[in-house]
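The values are calculated or read from the model by the stated rules, or taken from the named source; none is laboratory data. A quick note: this is a predicted structure, and the numbers were derived from the prediction, not measured. Using ideal geometry, Cβ is built from the backbone for each residue, glycine included, and neighbour counts are taken over all protein chains shown. What goes into the accessible areas is simple: the full protein's heavy atoms, side chains included, and nothing from ligands, DNA or RNA. Shrake-Rupley method; radii C 1.70, N 1.55, O 1.52, S 1.80 Å.
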Amino acid sequence: MTTTKLVYVIISLMTIGVVGVGFVGLVTAAVFSKFGNTVWAVNRDKQKSDDLKNGKIPFFEPGLEELVKESVEAGRLKFTTQYSDAISDADVVMIAVGTPSAPDGTADLSAVFGAAKSLAPYIKTGAIVIVKSTVPPGTNDKVREIIGTVTKKQFYTASVPEFLREGTAVDDTLHPDRILIGSNEPAVIKKLLELHRPLNGETVIMRPESAQLTKYSSNAYLANRIVFINQISDLAEKTGADVQEIIRGMGLDSRIGLHYWWPGLQYGGSCFPKDVKELAAYARRVGEGDGLFEKIDQLNENRLLKLLTRFEKAVGGWNGKTVAVLGLSFKPNTDDMREAPSMKVIPLLTAAGAAVYVYDPQASGHAKKILGDSVAKYAVNPYEAVKGATALMILVEWDEFKSLDLPKIKKNMTPGAVFIDTRNLYDPQIIKEAGLKYVGIGR
Ligand SMILES: NC(=O)c1ccc[n+]([C@@H]2O[C@H](COP(=O)([O-])OP(=O)(O)OC[C@H]3O[C@@H](n4cnc5c(N)ncnc54)[C@H](O)[C@@H]3O)[C@@H](O)[C@H]2O)c1
């Protein structure tokens, strides 16, 4: 006979105010409302709020639309443009606004401070203001100061940096590798442990400064891995080695691991470039600027042009050629174009005299707003994009590009066409057998 044990987990539900409905704010709001909390998400754009109330998501993120709709319909997730609505009853306030690079490379914290100023008049006694945005150590002191000049009520601040990845943001938030709770206050820690209990991930309690620096360190380390393997791939090319073989050979060392080795044009996206730049600036500010982070950033920035020059040689010059670019977003499963390699590659190709045809499963609409008529054709599939092209360039590893119909690609391109695989998706031999000239990274 089997007995079933029922384990009851009692979760105390809270009211949460989330400031900012971008990738982090909206996903966080949707996930915490899924657990039964009442979540108010505030942003300044009325149209965006109205769209969200109707379940219209402003960007592509797998699984998010269903999650938002479910919570909105259940009355647990509400959108507003009024801070008074979102903050007055909130036990926990989450600041999830952008922290882009300022022109000098430092993190522009004006949105975080602006949010602190706007929420301050409505904060309730005992509320905890969590900074989820990626910010350098010391930012919480400033947030506390800004709120404290507006209200005499008692409140707390804490750092709970976000580690979700666009493209898998919902799953990452539901099942995080870790949750960092950066606070020195036992009562705050207790409440935040309670709040995060339904999430399926290890929780680490630490000082707020450690949490903030852990976030930057993680992103800089991952960026460094990309820059490192890019350098190794250049060496591989010079010696006749294949970087993919090297990755396997290195990665089987349990200290190194097989994951997260992505040789390519450069790292991009909304986080790595800006976070490496800010870490470099932070190190300089505290008198520890030894140049490591600047070098990572600089090698990354320089690489794209270096590789495009190599591709140009393989194609025999861009001028007068048609080049098909497959993949426009900064990585698969997102339509986010921030710091996407395509945004640099396409202007360089057109400036060199190429006609550029593009295709992306999700990001063409966003790309069109930025690139407009400089792109000769926005194709509806990869085969249309390569019609009459001399070169095809895969910039993003969307699943759709991993099993292209190679005979069809070959048929649609000009004779002697070049297949430029910047994500090393294909075995070079298979491309050669299909009658195309293969150019990869580090092989
Ligand atoms: N995108 C990611 O993958 C990711 C992952 C982890 C951490 N982060 C960090 O999280 C933070 C947010 O990133 P994101 O990608 O969600 O940014 P985002 O640009 O997608 O969203 C930011 C949102 O904040 C809103 N906003 C700005 N100022 C505001 C204010 N005063 N009041 C209300 N709303 C305001 C903007 O309109 C926008 O909707 C950044 O610090 C980022 O580094 C991002």
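Summary table
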| item | result |
| --- | --- |
| Verdict on Asp104 being touching a strand residue (DSSP E or B) at 6+ places or on another chain (Cβ under 8 Å) and either in contact (Cβ under 8 Å) with a residue 24 or more places away in the chain or assigned by TED's automatic domain parsing to the domain that holds Val160 (or both) | no |
| Every residue from the stretch 11-68 that is farther than 10 Å from Ala96 by Cα, in a helix (DSSP H, G or I) and not aliphatic (A, V, I, L, M) | Phe32, Ser33, Lys34, Lys46, Gln47, Lys48, Ser49, Asp50, Asp51, Lys53, Glu65, Glu66 |
| Unique residue being under 23 Å from Tyr221 (Cβ atoms), of a type outside the set (S, T, N, Q) and either within 16 Å of the ligand (Cβ to nearest atom) or not in a helix (DSSP H, G or I) (or both) when the list is Asp290, Asp335 | Asp290 |
| Breaking point among (1) outside any helix (DSSP H, G or I); (2) within 23 Å of Leu307 (Cα to Cα); (3) open to solvent by 20 Å² or more (accessible area, probe 1.4 Å), for Ser403 | (2) |
| Some residue of the stretch 140-158 being surrounded by 18 or more Cβ atoms within 10 Å (Cβ to Cβ), within 12 Å of the ligand (Cβ to nearest atom) and polar (S, T, N, Q) | no |
| Residue in the stretch 242-253 that is away from the ligand (no atom under 16 Å from the Cβ), modelled with pLDDT under 95 and part of a loop (DSSP other than H, G, I, E, B) present | no |
| Ala211, sole failed condition from (1) aliphatic (A, V, I, L, M); (2) under 22 Å from Ile146 (Cα atoms); (3) in a helix (DSSP H, G or I); (4) in the same structural domain as Gly22 (by TED's automatic domain parsing) | (4) |
| Residue within the stretch 228-238 that is assigned to a helix (DSSP H, G or I), of a type in the set (Ser, Thr, Tyr), without any contact (Cβ under 8 Å) to a residue 40 or more places away in the chain and surrounded by 12 or more Cβ atoms within 10 Å (Cβ to Cβ) present | no |
| First in the stretch 142-160 and in the same structural domain as Val188 (by TED's automatic domain parsing) and modelled with pLDDT of 95 or more, second anywhere and among the charged types (D, E, K, R) and open to solvent by less than 30 Å² (accessible area, probe 1.4 Å), Cβ under 6 Å, 6 or more apart | Val160/Lys132 |
| Flag if Arg284 is in contact (Cβ under 8 Å) with a residue 40 or more places away in the chain and in a helix (DSSP H, G or I) | no |
| Residues of the stretch 235-270 that turn out to be over 14 Å from Asn424 (Cα atoms) and polar (S, T, N, Q), as a count | 3 |
| Output for the stretch 2-58, where each listed residue is at negative phi, of a type in the set (Gly, Ala, Ser) and at pLDDT below 95 | Ser12, Ser49 |
| Filter result for Lys46 (among the charged types (D, E, K, R), surrounded by fewer than 16 Cβ atoms within 10 Å (Cβ to Cβ) and touching a strand residue (DSSP E or B) at 6+ places or on another chain (Cβ under 8 Å)) | no |
| Scan of the stretch 79-132 for residues that are of a type in the set (Ser, Thr, Tyr) and open to solvent by 30 Å² or more (accessible area, probe 1.4 Å), ordered by number | Thr81, Ser84, Ser88, Ser101, Thr106, Ser110, Tyr122, Thr125 |
| Residue in the stretch 171-179 that is within 13 Å of the ligand (Cβ to nearest atom), part of a helix (DSSP H, G or I) and open to solvent by less than 30 Å² (accessible area, probe 1.4 Å) present | yes |
| Unmet criterion (only one of (1) surrounded by 22 or more Cβ atoms within 10 Å (Cβ to Cβ); (2) charged (D, E, K, R); (3) more than 21 Å from the chain's Cα centre (by Cα)) for Glu278 | (3) |
| Residue among Ile130, Ile146 that is assigned to a helix (DSSP H, G or I) and not acidic (Asp, Glu) | Ile146 |
| Residue in the stretch 66-75 that is surrounded by the fewest Cβ atoms within 10 Å (Cβ to Cβ), counting only those that are free of Cβ contacts under 8 Å to residues at least 60 places away in the same chain and in contact with a Lys or Arg (Cβ under 8 Å, 6 or more places away or on another chain) | Glu70 |
| Hits in the stretch 347-399 - residues which are within 21 Å of the chain's Cα centre (by Cα) and under 25 Å from Ala314 (Cα atoms) | Tyr359, Asp360, Ile394, Leu395, Val396, Glu397, Trp398 |
| Selection within the stretch 180-210 - farther than 22 Å from Pro137 by Cβ, basic (Lys, Arg) and surrounded by fewer than 18 Cβ atoms within 10 Å (Cβ to Cβ) | Lys190, Arg197 |
| Subset of the stretch 76-111 [under 20 Å from Lys153 (Cα atoms), within 13 Å of the ligand (Cβ to nearest atom) and of a type in the set (A, V, I, L, M, F, W, C)] | Ala86, Ile87, Val93, Met94, Ile95 |
